[in-house]
Amino acid sequence: MSHHHPADDEAVPAFWRGLGLPGLADVHVHFLPPRLLRRVWAYFDAAGPLVGTEWPIRYRWSDAERVAHLHRMGVRAFGALAYPHRPGMAAELNRWALDFARRTPGCLPSATFFPEPEAPGYVADALAAGARLFKVHVQVGGFAPTDPALDRVWGLLAEAGVPVVVHVGHAPVGTAHTGPDGFAALMARHPRLAAIVAHLGAPDYTAFLALAERHERVRLDTTMAFTPFFDRFVPFPAAELPRLRELGLAGKVLLGSDFPNIPYPYAAQLDGLARLGLGDDWLRAVCWESAAALFDLDQPTGPAS
């Protein structure tokens with residue numbers, strides 16, 4: 001059993017080294033054009049309606065400082081998840097995010113979309129430009145996953161086998177289109193879609209665990225789960241830990257953090273996972289191996305830096 005509980009970000013490399021890993025892979029990291037990021041931070045500062053609580057952003061730094069911090073901690077692969085909250089934004093966000101990935105070591109080329117007539121075109125463009133991870137935020141976007149305007153987009157992604165991180169759970173605040181039912185309907189129409197359910201689907205953990213068990217390509221990310229902050233609002237049911245362990249060992253649970261938009265240190269996410277006591281094999285799968293398989297990440301040949 002592992003006894004590594006990283007107390008702070010400086011201790012993160014010791015955590016993954018202790019597991020014999022080459023580093024960490026985090027599928028749920030945000031980078032946005034600076035102006036948009038400032039607007040997002042202002043919304044969190046105001047505890048906007050979709051935030052619903054005090055949420056002091058921990059890493060209010062420049063892009064360069066945040067990238068350097070990820071590298072220092074040994075996060076060797078991470079997304080740059082952007083998402084639009086209205087039409088007419090996604091294509092420009094994709095241009096920015098794909099350019100950011102080109103000049104940022106370790107960054108997975110990421111893209112997004114919104115239900116609009118142009119979506120299939122710019123999603124095809126992003127795939128052609130090498131996008132390896134998409135993000136869609138049903139809660140912030142205010143649309144149904146089964147919106148007909150997205151049908152061709154889901155089809156393109158399913159065909160390409162490119163994963164999409166879907167924020168479709170009710171947490172932190174439920175809206176008309178969040179929850180397991182809309183996602184279940186989406187998967188019924190596109191059973192080959194490689195979907196990564198953000199936040200383990202909180203608070204409907206049980207329903208989303210069942211969807212991951214039922215659909216070969218559905219995975220879950222750990223984002224914010226098992227941190228003291230999240231546990232106050234939407235604690236994971238202890239009775240479901242055995243299912244979480246099985247799914248994790250099957251490659252279906254991936255590390256996500258929500259860096260930088262978190263109100264606690266990055267290390268708290270890893271500490272929370274380690275404290276579950278699901279074993280070193282589970283931690284290895286969640287923190288590196290499953291993402292390495294999904295994104296075909298190179299294993300370094302030399303000793304871990």
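The values are calculated or read from the model by the stated rules, or taken from the named source; none is laboratory data. Just so it is clear, the model here is predicted, and its values are computed rather than measured. Using ideal geometry, Cβ is built from the backbone for each residue, glycine included, and neighbour counts are taken over all protein chains shown. Just so you know, the surface numbers come from the protein's heavy atoms only, side chains and all, with ligands and any DNA or RNA stripped out. Shrake-Rupley method; radii C 1.70, N 1.55, O 1.52, S 1.80 Å.
Annotations
- Screening R60 on (1) more than 17 Å from the chain's Cα centre (by Cα); (2) open to solvent by less than 20 Å² (accessible area, probe 1.4 Å) shows it passes everything except condition (2).
- Scanning segment 37-51 for residues that are open to solvent by less than 60 Å² (accessible area, probe 1.4 Å) and part of a helix (DSSP H, G or I) gives L37, V40, W41, A42, F44.
- Across segment 130-141, a minimum of one residue is classified as touching a helix residue (DSSP H, G or I) at 6+ places or on another chain (Cβ under 8 Å), open to solvent by 10 Å² or more (accessible area, probe 1.4 Å) and either over 16 Å from A195 (Cα atoms) or of a type in the set (V, I, T) (or both).
- Checking each residue in segment 143-157 for being farther than 21 Å from F100 by Cβ and free of Cβ contacts under 8 Å to residues at least 40 places away in the same chain picks out F143, A144, D147, P148, A149, L150, D151, R152, W154, G155, L156.
- Candidates L70, L93, filtered to the one that is modelled with pLDDT of 95 or more, aliphatic (A, V, I, L, M) and under 25 Å from W154 (Cβ atoms): L93
- Set E10, E54: member being surrounded by fewer than 16 Cβ atoms within 10 Å (Cβ to Cβ) and modelled with pLDDT of 95 or more: E10
- The residue that is surrounded by the most Cβ atoms within 10 Å (Cβ to Cβ), among those in segment 159-182 that are free of Cβ contacts under 8 Å to residues at least 40 places away in the same chain and hydrophobic (A, V, I, L, M, F, W, C), is V168.
- Note on segment 190-295: enclosed helices (runs of 4 or more DSSP H) holding 2 or more residues that are in contact with a helix residue (DSSP H, G or I) (Cβ under 7 Å, 6 or more places away or on another chain), more than 25 Å from W16 (Cα to Cα) and open to solvent by less than 20 Å² (accessible area, probe 1.4 Å) are 205-214.
- Residue pairs whose Cβ atoms lie under 6 Å apart, separated by 6 or more positions or on different chains, with the first residue in segment 262-274 and among the aromatic types (F, W, Y) and the second in a helix (DSSP H, G or I) and open to solvent by 10 Å² or more (accessible area, probe 1.4 Å), are Y264/F229; Y266/D9.
- Residue within segment 85-97 that is assigned to a strand (DSSP E or B) and among the aliphatic types (A, V, I, L, M) present: no
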